[in-house]
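The values are calculated or read from the model by the stated rules, or taken from the named source; none is laboratory data. These numbers come from a predicted model, not from an experiment. Neighbour counts are summed over all protein chains in view; Cβ atoms, including those assigned to glycine, are modelled from backbone coordinates with ideal geometry.
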Amino acid sequence: MEKMMTHRSRPTTPLADLQIPPGPLAGLLTAARDNLGASAAERGIHIDISTDFCELLEVNLRETAAGTWYPMLPASDIRYRRLLPENSFWLRGSSLDGEVVSVQAAVLEDDDGSVGQRLADLSAFYGDRAGDAPAGEWCSCLSPTALSTTGRSVFSQGGWTRPDYRGLRLFPLFHRVARLVSWARWEPDVLWGVIQANAVEAWKESLMGPRHLDDVPTIVYQRAAGRHELRFLRYTPAQMLGDLAVIANTPAREVLVA
């Protein structure tokens, strides 16, 4: 099982080949893409954009067994949701020897109702397979921000970095790449996530850029594996693009190193 995924040839797109949509933001987004890729290279990491969620599942199963990760939410688990090239991607961060050492996933959500409603009916996690969710699984959302957030949205989740690479600030770097790819592919009205209490410190603005994060847990997600009390996270287009503008105007060697 250890070798089942790390050196397999997979269909991916290098970050450097990400197509930037034409328009007034093209120069900014291109510079942000190039600086983020160069910053990852400074850390000895190559980033590919992948739509092969079978490989992501393999990484998750292996690393969960090794104790370095935990089971992914069903939103990025190919066993539970229809994850297609047109509605999802994940970032495959590999070391110089080809080992997967960091990942981040993103899924384009339906724009029916609010994000809070989709959390409550489980479609945020299962898409059109919400009716097949395990018996006894439920989610309660009392976040005013989530309940008022509508439109074309991207659910960002599934972030992980191998322990021996956790001193390199790959998580904030990969999350910015996920925002960039999401914008280049879908130009969403909002990018959002759900944050556990033990991860709140990692989401401070000095690391992750301007964002909304609920002050207290406002979402309860009950699964067979246990109950999760979560805070709602949201990035507006202005917050995403403003932060990418900072990246675009920062020398690659200085991106997310302070």
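Just name the residue that is surrounded by the most Cβ atoms within 10 Å (Cβ to Cβ) out of those in the range 213-249 that are acidic (Asp, Glu) and touching a strand residue (DSSP E or B) at 6+ places or on another chain (Cβ under 7 Å).
Asp214
The rows are residues; the columns are (1) part of a strand (DSSP E or B); (2) among the charged types (D, E, K, R); (3) over 19 Å from the mean Cα position of the chain (by Cα).
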residue: Val220; (1), (2), (3): yes, no, yes
residue: His228; (1), (2), (3): yes, no, no
residue: Arg234; (1), (2), (3): yes, yes, no
residue: Ala238; (1), (2), (3): no, no, no
residue: Leu256; (1), (2), (3): no, no, no
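What about Glu201, is it surrounded by fewer than 18 Cβ atoms within 10 Å (Cβ to Cβ) and touching a Lys or Arg at 6+ places or on another chain (Cβ under 8 Å)? Write out each step before concluding.
On the way: surrounded by fewer than 18 Cβ atoms within 10 Å (Cβ to Cβ): yes; touching a Lys or Arg at 6+ places or on another chain (Cβ under 8 Å): no.
Judged against the criteria, Glu201 is not a match.
Scan the range 21-78 residue by residue and report those that are under 17 Å from Ala105 (Cβ atoms), among the hydroxyl-bearing types (Ser, Thr, Tyr) and crowded, with 18+ Cβ neighbours inside 10 Å.
Matches in the range 21-78: Ser50, Thr51, Ser76.
Checking Val257 against (1) under 17 Å from Thr149 (Cα atoms); (2) at pLDDT below 95, which single condition isn't satisfied?
So the condition that Val257 fails would be (1).
Among the residues of the range 183-208, how many are closer than 25 Å to Tyr70 by Cβ and not polar (S, T, N, Q)?
From the range 183-208, those closer than 25 Å to Tyr70 by Cβ are 191-204, 207-208; that's our starting set.
Checking the rest, the ones that are also not polar (S, T, N, Q) come to 191-195, 197, 199-204, 207-208.
Here the count works out to 14.
When residues of the range 158-191 are filtered for being over 19 Å from His212 (Cβ atoms), assigned to a helix (DSSP H, G or I) and among the aliphatic types (A, V, I, L, M), how many remain? Working first, answer last.
First pass over the range 158-191, keeping only residues over 19 Å from His212 (Cβ atoms): 158, 160-170, 173-174, 177, 180-181, 184-187.
Pick out the ones that are also assigned to a helix (DSSP H, G or I) and you get 163-165, 170, 173-174, 177, 180-181, 184-186.
Checking which are among the aliphatic types (A, V, I, L, M) leaves us with 170, 173, 177, 180-181, 184.
Within the range 158-191, residues that are over 19 Å from His212 (Cβ atoms), assigned to a helix (DSSP H, G or I) and among the aliphatic types (A, V, I, L, M) number 6.
As an exercise: evaluate Ala16 against (1) under 20 Å from the mean Cα position of the chain (by Cα); (2) assigned to a helix (DSSP H, G or I); (3) touching a residue at least 40 places away in the same chain (Cβ under 8 Å) and give the number of the one condition it does not meet.
It fails just one condition, (3).
Taking the range 209-246 on its own, how many of its residues are of a type outside the set (Gly, Ala, Ser) and at pLDDT below 95? Don't jump to the end; show me each part of the working.
Of the range 209-246, the ones of a type outside the set (Gly, Ala, Ser) are 210-223, 227-237, 239-241, 243-244, 246.
Going one step further and asking which of them are at pLDDT below 95, we end up with 223, 227-228.
Looking only at that region, the number is 3.
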